[in-house]
1. Suppose the filter is under 17 Å from the mean Cα position of the chain (by Cα) and open to solvent by 70 Å² or more (accessible area, probe 1.4 Å); does Arg121 pass it?
2. Would you check if there is a residue in region 64-84 being at negative phi, part of a strand (DSSP E or B) and at pLDDT 75 or above?
3. Could you tell me which residue of region 130-140 is farthest from Arg18 (Cα to Cα), considering only residues that are at pLDDT 80 or above and surrounded by fewer than 21 Cβ atoms within 10 Å (Cβ to Cβ)?
4. Suppose we filter region 93-115 for residues that are polar (S, T, N, Q) and open to solvent by less than 20 Å² (accessible area, probe 1.4 Å); how many remain?
5. Residues in region 152-161: is at least one open to solvent by 20 Å² or more (accessible area, probe 1.4 Å), in contact (Cβ under 8 Å) with a residue 60 or more places away in the chain, within 19 Å of Ile24 (Cβ to Cβ) and polar (S, T, N, Q)?
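The values are calculated or read from the model by the stated rules, or taken from the named source; none is laboratory data. Everything quoted here is computed from the prediction, not taken from an experiment. No Cβ is skipped: glycine too gets one built from the backbone with ideal geometry, and neighbour counts run over all protein chains shown. All accessible areas refer to the heavy atoms of the entire protein, side chains included, with ligands and DNA or RNA removed. Shrake-Rupley method; radii C 1.70, N 1.55, O 1.52, S 1.80 Å.
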Amino acid sequence: CVGVKLEIDQPHVIDGLRSRIVTINHTSQLDLFIGAALMPKGGTPLLKREFLFVPILGWAVILLDVLTIDRRRPSQARETLQHAIHRVRHEGGSVLIAPEGTRSTDGRLGTFKMGCFHLARSLKVPIVPLVIRGARTCQPMGSWLVRPGTVSIQVLPEISTENYSKKELPKRRDELRAAYIEAM
C-alpha cells in the first residue's frame, strides 16, 4: 500500500506453521513491517517496548499480541524471552528478531546481541537468516515517509541449533554475523 515491492528469493523456506527463529538485518523502520509481512501464520516479531508508545502502531502491537522487549531492564527482557519460548513451544510459531537489537544509523551491520541465540538454543529450533536489501533506500533513518521502490530478501541457509552449547553461543553469534556481512 506504500509502493514497496517485495522480492524474496525462496518464499517456501519461511512458509507454513513451524517453530523457528527468523533473523533480519535492521537498517530501516520498514524492516520490521517487511519481516512481519513475511511471517507465516503463528509468527510474531519481537519489538522494542518503545513501539507501544507510538500512536496507532502501539495499539496494533497490543491488539496483535506482538512480543515486546524492554532492553533497559534485563530481568524484563529475560521474561519476554521466556514468554517467547512458551509461545513457540505451545503454538508452534516463529519469532522474528533483529539480532543487532537496534536499527543501523549508517546502513552497516551492527554488533549482534545474544537474545536470539539463547532463544534458539532453549527451543532447539533452527535459525532462518533473512538479508533485507533496499529498505533503507525506501525509508531512510529519520524519515516517516516511505518512498516507492523494491526491497529484496535473500534467505540464507537455515542453521540448526540442536547441538548448541551455552559456551559456544558467542562463536555462533559471530558466525551468523559473518554470514550476513558476506551476503550484504
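1. On the way: under 17 Å from the mean Cα position of the chain (by Cα): yes; open to solvent by 70 Å² or more (accessible area, probe 1.4 Å): yes.
So Arg121 fits the description; yes.
2. Going residue by residue through region 64-84, those that are at negative phi are 64, 66-84.
From what's left, part of a strand (DSSP E or B): 67-69.
So of that shortlist, the ones also at pLDDT 75 or above come out as none.
There is no residue in region 64-84 that is at negative phi, part of a strand (DSSP E or B) and at pLDDT 75 or above.
3. Only one residue tops the list, namely Thr137.
4. So in region 93-115, the residues polar (S, T, N, Q) come out as 94, 102, 104-105, 111.
Keeping just the survivors that are open to solvent by less than 20 Å² (accessible area, probe 1.4 Å) gives 94, 104.
Of the residues in that region, 2 qualify.
5. The answer is yes, given that some residue of region 152-161 is open to solvent by 20 Å² or more (accessible area, probe 1.4 Å), in contact (Cβ under 8 Å) with a residue 60 or more places away in the chain, within 19 Å of Ile24 (Cβ to Cβ) and polar (S, T, N, Q).
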